[in-house]
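Okay, structure first, notes after.
The values are calculated or read from the model by the stated rules, or taken from the named source; none is laboratory data. Everything numeric here is computed off the predicted structure, so don't read it as measured data. Every residue, glycine as well, gets a Cβ built from its backbone with ideal geometry; the counts of neighbours run over all protein chains shown. To get the accessible areas, we keep the full protein, side chains included, count just its heavy atoms, and leave off ligands, DNA and RNA. Shrake-Rupley method; radii C 1.70, N 1.55, O 1.52, S 1.80 Å.
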Amino acid sequence: MDFPEFFCYVSILACLFPIMVNSIGINYGQIANNLPSPEDAVPLVKSIGATKVKLYDADPRVLKAFANTDVEFMVGLGNEYLDKMRDPTNAQAWVKENVQPHLPATKITSIFVGNEVLTLNDTSLSDCLLPAMQSVHAALLNLGLDKQVTVTTTHSLAILQTSYPSSAGAFREDLMDPLCETLNFHQKTGSPFLINAYPYFAYKGNPEQVPLDFVLFQPNQGVTDPQTHLDYDNMLYAQIDAVYSALASLGYMKLPVHISETGWPSKGDEDEAGATPENAEKYNGNLIKLMSGKTGTPMRPNSDLNIYIFALFNENMKPGPTSERNYGLFKPDGTPAYPLGITPNNVVGRNTTVGGGSFGNAVTNPYYPMSSSTAKISIIGACAADGAIVDD
């Protein structure tokens, strides 16, 4: 497809999608050698109705390309920067070089410092996390940017010790000290708690017992939380509510939870069950429709959902299994990796699908009970393929 055709196609998409999708986010990874220019990515982001982009660094080419587009940006500082960012001088220099020059033309609203640090079992990183976050926030404060740019970090669902039922969600005891430190930071600064959540890995880990429709937002029998009697019509929402319960158990009732990554691969290896274009279309297409309905989770029906789909493009240089290179909504030439199936008349509301209790990336729900130790291993394994910041 040449570029005139490319832009014609994107124009058609842009006419179809924005009226239906109000606040979806997209992860913009760049581990590839064949991606279109950032300027050519702008209409693709708009074509799916995305109003927010999560970038795994602070690539000036991307930030300049999205200037004056009204798209909000979350930029990232990789794990490799944590030690350096503990020094407030280094943090301020980074903000001045990578964030301040792009404001206000590009709407940078957040900086995430480190990715899934607490579940990497690396104290050299986890000991640096809070000091780095504090230094970056102090830099924003010194530069008068703290009211418009928040500081946060992303977490794997492996931080959960208990995830079923959602009302019993609880964090791992061994992570409690560093986790509470970051939670106090969020509460003080007003920044959101970010979680990477992939129902795909629950299905991949146990396809014989995990109902596929349950993870794809398709009609199914669903699950009811025995404590709250709330019905869950998809796995992702129950994952989110398990996190809300874990936060509430520590007294953080009002801390907002954002899903910084979720997605489904359109291709995988033989042992990667469910990685097909059809399933990716259902997962991401149905998720976008749900987002357009402006409904929250069963536990937080009036709370805004902030969800970033992974990812904008297939990335041909990502390491790991085949699925890692096939999470994109788009191919590098700008054509869809699969149709999302979105039309104005098929928006999915809460009562049109049934099914959905998930319990983190762990495979621990009524359909497949597991011991906590096995579940923890499943969660950790599930989170390894999330397109982490150390890759991007």
- Peptide ranges 212-218, 311-317 listed from the most packed, as the mean C-beta count within 10 angstrom indicates: 212-218, 311-317
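For residue 254 and residue 105, compute 0.36 nm times the residue count separating them, minus their Cα-Cα distance, and round to one decimal in nm.
Value of the extension gain: 50.5 nm.
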- Query: Which of the GluC sites (Glu not before Pro) found in the range 252-298 are in a DSSP loop and have at most 11 neighbouring Cβ atoms, other than their own, within 10 Å?
  - Reply: 270
- Item | Packing rank of 159-171, 59-71, where each peptide gets the mean count of other beta carbons within 10 Å, highest leading | 159-171, 59-71
- Query: Once a ≥ b ≥ c are taken as the square roots of the eigenvalues of the Cα gyration tensor of the range 24-330, is the result rounded (a/c under 1.5), prolate (a/b larger than b/c) or oblate (a/b not larger than b/c)?
  - Reply: oblate
- Query: Roughly what would the spin-label model give for residue 124 and residue 278, points 7 Å off Cα along C-beta, in nm?
  - Reply: 4.7 nm
- Extension gain from residue 187 to residue 83, taking 0.36 nm per residue of separation minus the Cα-Cα distance: 35.1 nm
- Task: Please quote Rg/Rh for the range 239-305 to two decimal places, taking the Kirkwood radius as Rh and restricting both calculations to Cα atoms.
- Result: 1.09
- Item | Low-density loop cleavage sites - trypsin sites (Lys or Arg not before Pro) in the range 235-320, where at most 13 other Cβ are within 10 Å (DSSP) | 254, 294
- Item | Farthest toward positive dipole pole in the range 15-165 [+1 Lys/Arg, -1 Asp/Glu at C-beta], among 91, 55, 126 | 55
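Roughly speaking, what % of Cα-Cα pairs in the range 22-179 are separated by over 28 Å, rounded to a whole number?
29 percent
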- Query: What dipole magnitude, in Debye to the nearest 20, does the range 180-234 give about its Cα centre under +1 on Lys/Arg Cβ and -1 on Asp/Glu Cβ?
  - Reply: 260 debye
- Residues with amide H under 5 Å from that of residue 153, placed H, sequence gap 5 or more: 113, 194
- Near residue 294, which aspartates and glutamates are there with a Cα under 12 Å away, not counting those fewer than 8 places off in the same chain? 304
- Item | Inter-centroid distance (Cα atoms) of the range 81-105 relative to the range 157-227, Å | 31 Å
- Whole-Å semi-axes of the range 205-334's equivalent ellipsoid (Cα gyration tensor): 28, 17, 14
- Message: Calculate the FRET efficiency for residue 221 and residue 174 from the Cβ-Cβ distance with a Förster distance of 51 Å, rounded to the nearest 0.05.
- Response: 0.90
- Query: Length gain on complete extension for the stretch residue 143 to residue 34, per 0.36 nm per residue less the alpha carbon to alpha carbon distance?
  - Reply: 35.5 nm
- Message: If I compute solvent accessible area with a 1.4 Å probe over the protein chains, what percent of it on the range 24-330 is carbon and sulfur?
- Response: 47 percent
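Order these peptides, 79-87, 149-157, by their mean beta-carbon neighbour count within 10 angstrom, highest first.
Numbers: 79-87: 17.8, 149-157: 24.8.
Listed from highest to lowest mean packing, they are 149-157, 79-87.
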- For residue 331, counting only lysines whose alpha-carbon sits under 22 Å away and dropping same-chain residues fewer than eight positions off, the answer is 46, 52, 54, 267, 282, 289, 318
- Message: To make sure I understand the rule: partners must be aspartates and glutamates, Cα under 18 Å from the Cα of residue 107, and not fewer than 8 residues away in the same chain. Which ones qualify?
- Response: 39, 57, 59, 70, 72, 97, 146
